[in-house]
Amino acid sequence: MSPTLPLLLISASVAAPVAPPQDWAAALRQDATAVHDDVAANHPGPVDPANLGFAAANDIGLAKAIKISAQVHDYPGYWFALKAYVAGFDDGHMNLSPLPAAPVLPSRWPGFLTAFDATGAQRVVVRADAAPLPVGATLVGCDGKPAERVAADNVGAYQGRWQLSAMRRYAGGTLFVDQGNPFITVPKRCTFLVEGRSRAIALDWRAIARETLAPYLAETTRRLVPPIAATTLPDGTRWYTLSGFDTAASSDSAKKLPPLIAAMKADRSAIATAPAIVLDLRGNNGGSSDWSDQIAQILWGQAAIDRLASGAITVEWRASPANLKTMVDGRNKQGSNASPEIGAWFGRTISGMSTALAGHAPLWRAPGEVGIRSSEAPPPALAGPVYFLTDWGCGSACLDAADLWSALGAIQIGQETAADTLYMDIRRDALPSGFSRIVVPMKVYRGRKRGSNVSLRPIHAFTGDMRDTAMLQSWVATLPERASRPRQADTAGNTP
């Protein structure tokens, strides 16, 4: 139906043309086929000898999407069917996003939202004034299904990797948001524990505008993206906030990280005497691991990094024309922000992929690191511990940083991270309908110590509010690696 146009009178004898309804079933079939073909042509999985079932799984995902298209009559049906297909890969680097031409999904809610806490319970974290439940009420189940199963069926099946705490924290808050998914049963009656007593309520679903819903949903994830900055705390602790590793020239990290890293390098002697160093990764979704490599060079020295890299991990790239173009475009976008190392890396990778393509080889193996390249003397030893602070959203290049820094002796604190498969470095493609965009990895790791879809758990877990920087800083001062220093009261209620 055409939208109502206020103050516009249309004569009954001259009817306005009405656009035919979108054939969403056809759009799903078209876009699902494009996803399948993009993965088949550009993802390393279909030609990965260590993952022989990948190509068949891609075929099965497409077949399911085609079959379910018979039930698709609107945009939500198209969107959630395609989401389920992509979620089936269980890969954080395989995802789907709407394009500007896509309709807005409708939204309803029952006046409250829940979120997963550190124990795995789903608790009410935000509510409207007239909501029938208080903040803190714990979900027991809905319509005869336990809480865990309701979330897995209605949310997890369209996200993938639901076994990860990070995914439940990321998307669990949408359980009580109805966006018209025709393939799920919207809860009608749910039971909660309120102050130890069971309370059953009938859900009163009502429409809510997207802009009104947004701050409520943000409260369910409770994730902070603090500004990139360097701070010296009163006790001398050096606190480096590293909330992004993007390299796009327009990004905040590309503007702020180079001067921060340059200042670290110039101040290395003073940094060495600090009672502790904190590398704060809250809000960091990844980007380029070059930034974390540069920081590691300053703190531990290139020789220490070389010893870790020697023969440890190799990389194979899917050699395809589209992937090669993505790499060439990526090098061009780096501009002056790229370090000499990352510039050389682009050059080697582009040359290697070109050679593989010319020889019709499906994969190109990048040469591994051999021996220790650096002849520099190691930097002065650090007087205090190095901590890296993670939240549940740390993924991709943020995980690469965590892997590297922990291997060099840094101590993980905060929350359990996200996880990734061995497939990395993404490309983005708009799908034929113009409504969605797919993200597809281009390379595969070999020999990585951390396994596929394995998260990193902190040595010291913080169970307070990760958005409270002052509380975190007070807590860090109490950690046992700093036992020789006077301990402060733990205001966050955490036990180191």
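The values are calculated or read from the model by the stated rules, or taken from the named source; none is laboratory data. These numbers come from a predicted model, not from an experiment. Cβ: placed from backbone, ideal geometry, glycine included. Neighbour counts: every protein chain shown.
The set of residues in region 233-259 being within 26 Å of the chain's Cα centre (by Cα), surrounded by 19 or more Cβ atoms within 10 Å (Cβ to Cβ) and of a type outside the set (Gly, Ala, Ser) consists of Trp239, Tyr240, Thr241, Leu242, Phe245, Asp246, Thr247, Leu257. Within region 72-91, residues that are closer than 15 Å to Leu62 by Cβ have Cβ atoms under 8 Å from residues that are at pLDDT 95 or above and hydroxyl-bearing (Ser, Thr, Tyr) in these pairs: Val72/Tyr78; Ala81/Ser69; Leu82/Ser436; Lys83/Tyr158; Ala84/Tyr158; Ala87/Tyr158, counting only partners at least 6 apart in sequence or on another chain. Given the structure, is Arg282 under 21 Å from the mean Cα position of the chain (by Cα) and basic (Lys, Arg)? For Arg282, the condition - under 21 Å from the mean Cα position of the chain (by Cα) and basic (Lys, Arg) - is met.
Residues that are among the charged types (D, E, K, R), outside the structural domain of Cys394 (by TED's automatic domain parsing) and not in a strand (DSSP E or B): does region 173-180 have at least one? No, there is no match, as no residue in region 173-180 is among the charged types (D, E, K, R), outside the structural domain of Cys394 (by TED's automatic domain parsing) and not in a strand (DSSP E or B).
Condition first: among the small types (Gly, Ala, Ser) and part of a strand (DSSP E or B). Now tell me which residues in region 115-155 satisfy that. Passing the criteria: Ala115, Gly141.
Within region 173-204, the residues that satisfy the criterion of being under 23 Å from Ala70 (Cβ atoms) and among the polar types (S, T, N, Q) are Gln179, Asn181, Thr185.
Annotation: Tyr216 fulfils all but one of (1) within 18 Å of Gln122 (Cβ to Cβ); (2) without any contact (Cβ under 8 Å) to a residue 40 or more places away in the chain; (3) not β-branched (Val, Ile, Thr); the unmet one is (2). Within region 188-218, track down each residue that is surrounded by 15 or more Cβ atoms within 10 Å (Cβ to Cβ) and under 28 Å from the mean Cα position of the chain (by Cα). Hits for region 188-218 are Ile208, Leu213, Tyr216, Leu217. Of the residues Leu242, Leu308, Leu257, Leu233, which single one is more than 30 Å from Val104 (Cβ to Cβ), touching a helix residue (DSSP H, G or I) at 6+ places or on another chain (Cβ under 8 Å) and without any contact (Cβ under 8 Å) to a residue 40 or more places away in the chain? That would be Leu257, the only listed residue that is more than 30 Å from Val104 (Cβ to Cβ), touching a helix residue (DSSP H, G or I) at 6+ places or on another chain (Cβ under 8 Å) and without any contact (Cβ under 8 Å) to a residue 40 or more places away in the chain.
Evaluate the following for Arg199: is it modelled with pLDDT of 95 or more, among the basic types (Lys, Arg) and in a strand (DSSP E or B)? The answer is yes for Arg199.
From the residues in region 147-187 that are of a type outside the set (Val, Ile, Thr) and within 21 Å of Pro132 (Cα to Cα), which one is surrounded by the most Cβ atoms within 10 Å (Cβ to Cβ)?
Narrowing region 147-187 to residues of a type outside the set (Val, Ile, Thr): 147-149, 151-154, 156-173, 175-176, 178-183, 187.
Pick out the ones that are also within 21 Å of Pro132 (Cα to Cα) and you get 147, 151, 172-173, 175-176, 178, 187.
Working: Ala147: 21, Ala151: 23, Gly172: 25, Gly173: 24, Leu175: 24, Phe176: 27, Asp178: 23, Pro187: 20.
Among residues in region 147-187 that are of a type outside the set (Val, Ile, Thr) and within 21 Å of Pro132 (Cα to Cα), the one surrounded by the most Cβ atoms within 10 Å (Cβ to Cβ) is Phe176.
So which helices (runs of 4 or more DSSP H) stay within region 286-359 end to end and still have 3 or more residues that are surrounded by fewer than 18 Cβ atoms within 10 Å (Cβ to Cβ) and at pLDDT 90 or above?
Numbers: elements: 290-300, 302-309, 321-334, 340-358.
Qualifying helices (runs of 4 or more DSSP H): 321-334, 340-358.
Hey, among the residues in region 466-476 that are of a type in the set (A, V, I, L, M) and buried (at least 20 other Cβ atoms within 10 Å of the Cβ), which one's modelled with the lowest pLDDT?
Just the residues of region 466-476 that are of a type in the set (A, V, I, L, M), to begin with: 466, 470-472, 476.
Right, trim to buried (at least 20 other Cβ atoms within 10 Å of the Cβ) and you get 466, 472, 476.
Values: Met466: 94, Leu472: 97, Val476: 97.
In this case the residue turns out to be Met466.
Of all residues in region 178-212, those satisfying the criterion of being under 16 Å from Gly141 (Cα atoms) and in contact with a helix residue (DSSP H, G or I) (Cβ under 7 Å, 6 or more places away or on another chain) are Ile184, Pro187.
Yes/no matrix, rows are residues, columns are (1) farther than 19 Å from Thr220 by Cβ; (2) crowded, with 21+ Cβ neighbours inside 10 Å; (3) over 23 Å from the mean Cα position of the chain (by Cα):
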site	(1), (2), (3)
Ile66	yes, no, yes
Ala70	yes, no, yes
Phe80	yes, yes, no
Ala87	yes, yes, no
Asp90	yes, no, no
Ser97	yes, no, no
Pro103	yes, no, yes
Trp109	no, yes, yes
Leu113	no, yes, no
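Answer yes or no: is there a residue in region 262-270 that is of a type outside the set (A, V, I, L, M), within 27 Å of Lys333 (Cα to Cα) and buried (at least 18 other Cβ atoms within 10 Å of the Cβ). Reasoning before the result, please.
The first filter runs over region 262-270 and keeps only residues of a type outside the set (A, V, I, L, M), leaving 265, 267-269.
Right, trim to within 27 Å of Lys333 (Cα to Cα) and you get 265.
Narrowing the set further to residues that are buried (at least 18 other Cβ atoms within 10 Å of the Cβ) leaves none.
There is no residue in region 262-270 that is of a type outside the set (A, V, I, L, M), within 27 Å of Lys333 (Cα to Cα) and buried (at least 18 other Cβ atoms within 10 Å of the Cβ).
None of Leu193, Leu213 is part of a helix (DSSP H, G or I) and not assigned by TED's automatic domain parsing to the domain that holds Gly77 except Leu213.
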